[in-house]
There are 2 protein chains.
Amino acid sequence: MRAMTANRRFVLKRYPSGVPVAADFELVDVPIATPAEGEVLVETHWLSMDPLPRLRMDPNAKFPPPLPLGALVVGRGVGLVRASRADGFAPGDWVAGELGWQEHAVVPATALRRVDPGAGPVQSALGVLGPSGITAWCLVNVAARVREGDTVVVAAAAGSVGSVAVQLAKLAGARVVGIVGGPRQAEFVRDAGAESSVDHRSTSLAADLAAALPQGASVFLDSVGGRLHEAVMERLAEHARVVAFGFISAYNAGAGAQPEYGRIYELIRRRATLSGFLVGDHVARFPEALAALSTLLREGRLRNAESVSDGLESAPAAFARLFDADPVGKQLVRVR
Amino acid sequence: MRAMTANRRFVLKRYPSGVPVAADFELVDVPIATPAEGEVLVETHWLSMDPLPRLRMDPNAKFPPPLPLGALVVGRGVGLVRASRADGFAPGDWVAGELGWQEHAVVPATALRRVDPGAGPVQSALGVLGPSGITAWCLVNVAARVREGDTVVVAAAAGSVGSVAVQLAKLAGARVVGIVGGPRQAEFVRDAGAESSVDHRSTSLAADLAAALPQGASVFLDSVGGRLHEAVMERLAEHARVVAFGFISAYNAGAGAQPEYGRIYELIRRRATLSGFLVGDHVARFPEALAALSTLLREGRLRNAESVSDGLESAPAAFARLFDADPVGKQLVRVR
């Protein structure tokens, strides 16, 4: 029987080979920690499932560094403050930050941001009103500067970032082609305003893209890499702006694996620009992004899509779904 | 015995396999053509050897299109007007344009530009005061916007474009690392102001680049692609600007061959930008570029480097040297 002071958490039991499976993680009981000066005790309510931590589940990872075996699995979350030894946070406050896959987290106050429960469902702080939405906003408005007349291809268009990027690109006046996996994602992306969708598993990917892009793509937001990247690079319009912000196609392929990102001929022929993007470069724009996203959400002009699994114990399966199940919208775990 | 009205020219006899050889071309005699209205007869004095036409010496070339067998070999030249049926051109004028590998060319006046013999040796219109110099100027000042504090890596740094780019980057206040082939090129590049040079054939290329780039490269001007591109991409500084304007490493590799141009991980990690560049996009800046280059040349602040071979019959060998002999500066053929 668990003590009232027990904290369930997932630790990394072994480094996954390929798509992570349940046996790569171990659910353990540890005592709930006590916050020190400047720290806050948070009760986890929601966890965000994101592809990037997969890169750290590799003993040879370079950047970000490997997650040690036995360490708490990393992941952002939203929760309620239960105890605070930091100014500005009091029991009952909703907060978001790096909580890890656990029921209770003690974290420095400086690593938390407050969540306004009046702005929308609190878990939005992990999706459309959090890193995913802000990333999409910066991609569309800062990195790619999407404008009227653009034809924007969004990779993983039904995913957490893609689903917001599709809608923001539409709002900016662009024509949008969403890259999807399966009919549910296709339906979502079209409902969100994309003119058309192309399935990344299609055996006629090149022809499908050619049909969807008669004038070529002027913008390509790519978090996938690999075969998809190659295929879209063959359909660029002149002076196209390609922004690469991930390469999920290789995240399960082992240390150092990364897709080649195209052939130089297409890049020169189209005088295209391919830029690497990390949202952390754009912190100065976060308040503006968040204000814009909140307004759009409140006015009903932005849809918030979520795929939710229940219980902390569902986290490994929810994490794996990112790579093999094409979830629609932000993949979340409701911890309580 | 050749008639006074005979025009010697090289035609493409067969499509080269690998680096072109003499037997790929045939020297034939044809009558000197007579200019029609709007055309000019030019006596070729200098021919420019450039790598790009190699891509057209392939039956499967897509863009630019294949050069037909039996067709005049393409190439820019400088010559004297011998007869004119076009306003603005008179016998005795020096002109530059697409003359082809032949002693006499009849070309539309609209395809010629006048060469001022007072601005420097007339053949400069093919190099530092022509496409090579203008390309280098646009690369340094428009595409990469080189500025003080930059560390600029120039591929093929002793070549026609590279040799000018090295000097312009120095004048812009940058630190320059030149990629060279062999000791003669290394010496030239250092004399031209590069802080260091790295030999692209080195068996310790990665280590050589690391030593030459302790802070990484903030700009990379790449006309080579392939193994060199990969190696430099591993040494980028954050927010580096990479401009790709050719891929000579693959020009002899057959139709459709083109090097992969790096791995997406480095691009995202460094938030680097990789842009394809064609100088034709920048025609509006050509007068400014030419004025700047002329002034620098006149003031002795810009060195004009040339490798010259004599006689039209030397053209095939001079062309092959671009790919296998690491010539210093602009490779030219003095036709008369």
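The values are calculated or read from the model by the stated rules, or taken from the named source; none is laboratory data. Quick caveat, the model's predicted, so the values are computed rather than measured. Glycine also receives a Cβ, built like all others from the backbone with ideal geometry; neighbour counts cover every protein chain displayed. Just the protein is used for accessible areas: all its heavy atoms, side chains included, with ligands, DNA and RNA removed. Shrake-Rupley method; radii C 1.70, N 1.55, O 1.52, S 1.80 Å.
Computed across the stretch A:243-336, the Kirkwood hydrodynamic radius from all distinct Cα-Cα pairs reaches 17.1 Å. As an exercise, find the ratio Rg/Rh for the stretch A:12-148 from alpha-carbon atoms, using the Kirkwood inverse-distance average for Rh. The Rg/Rh ratio comes out at 1.02. Along its three principal directions, the equivalent ellipsoid of the protein assembly as shown from the Cα gyration tensor extends over semi-axes of 58, 25, 22 Å, largest first.
To the nearest 0.05, how large is the calculated FRET efficiency for B:Leu278 and A:Glu26 if R₀ is 60 Å and r is the Cβ-Cβ distance? The pair B:Leu278/A:Glu26 has a calculated efficiency of 0.60.
Here, the stretch B:131-182 is characterised by an Rg to Rh ratio of 0.94, where Rg is the alpha-carbon radius of gyration and Rh the Kirkwood radius.
Working value for the stretch A:122-223: equivalent-ellipsoid semi-axes of 21, 16, 10 Å, each the square root of 5 times a Cα gyration tensor eigenvalue, largest first. State log₁₀ I(q)/I(0) for the stretch A:18-67 at q = 0.15, 0.21 Å⁻¹ as given by the Debye formula over alpha-carbon point scatterers of equal weight, solvent excluded. Each listed q corresponds, in turn, to -0.69, -1.03. Long-range amide H contacts for A:Val308: which residues qualify at under 5 Å (H placed 1.01 Å from N, peptide plane, sequence gap of 5 or more or a different chain)? The answer is A:Leu332. A label point on A:Glu299, set 7 Å along the Cα-to-Cβ line, lies at 5.3 nm from each of its counterparts in the other copies, closest listed first. Rolling a 1.4 angstrom probe over the protein heavy atoms with all chains in place gives the protein assembly as shown an accessible area of 40 Å² per residue. Copy-to-copy label distances for A:Gly18, where each label lies 7 Å from Cα along Cα-to-Cβ, are 4.2 nm in order of increasing length. Pairwise inverse Cα distances across chain B, averaged and inverted, put the Kirkwood hydrodynamic radius at 20.6 Å.
Ignoring ligands, DNA and RNA, what percent of the accessible area of the protein assembly as shown is carbon or sulfur (1.4 Å)? It is 53 percent, rounded to a whole number.
Counting only protein heavy atoms and using a 1.4 Å probe, the accessible area of B:Tyr265 comes to about 30 Å².
Partner shielding of B:275-282 amounts to 5, given as the average count of beta-carbon atoms from other chains within 10 Å of each residue beta-carbon.
When each of the peptides B:35-42, B:231-238 is scored by how many other beta carbons lie within 10 Å of its residues on average, the order from highest to lowest is B:231-238, B:35-42. Pairs over the 23 Å Cα-Cα cut-off, from the set B:Lys62/B:Lys330; A:Lys62/B:Lys170; A:Lys13/A:Lys62: B:Lys62/B:Lys330; A:Lys62/B:Lys170.
Under a Gaussian network description of chain B, with springs only between Cα atoms under 10 Å, the residue in B:Val153, B:Val224, B:Val283 that fluctuates furthest is B:Val283. Seen from a random direction on average, the alpha-carbon convex hull of the stretch B:82-126 projects onto 3.3 square nanometres.
Placing a pseudo-label 7 Å from each Cα along the Cα-to-Cβ vector at A:His239 and A:Ala71 gives an inter-label distance of 4.5 nm. Across the stretch B:35-113, how large is the tail of the calculated P(r) beyond 18 Å, expressed as a percent of all Cα pairs? In whole percent, the share of Cα-Cα pairs in the stretch B:35-113 beyond 18 Å is 43. Just to be sure I understand the curve: with the Debye formula and one point per C-alpha of the stretch B:109-152, what is log10 I(q)/I(0) at q = 0.15 Å⁻¹? Result of the Debye calculation: -0.51. Chain B against chain A buries an accessible area of about 3100 Å², both chains summed, 1.4 Å probe radius.
Dimensions of the stretch A:172-316 along the principal axes, based on C-alpha atoms and rounded to the nearest Å, stand at 46, 38, 34, largest first.
Between copies, B:Gln215 shows label-point distances of 4.3 nm, shortest first, with the point placed 7 angstrom from Cα along Cα to C-beta.
Taking all protein chains as shown and a probe of 1.4 angstrom, B:Val95 keeps an accessible surface of around 0 Å². Let me have the 222 nm mean residue ellipticity of chain A computed from DSSP H runs of 4+ only, each contributing -39500 (n - 2.57), with the sum over all residues rounded to the nearest 500. It lands at -6500 deg cm²/dmol.
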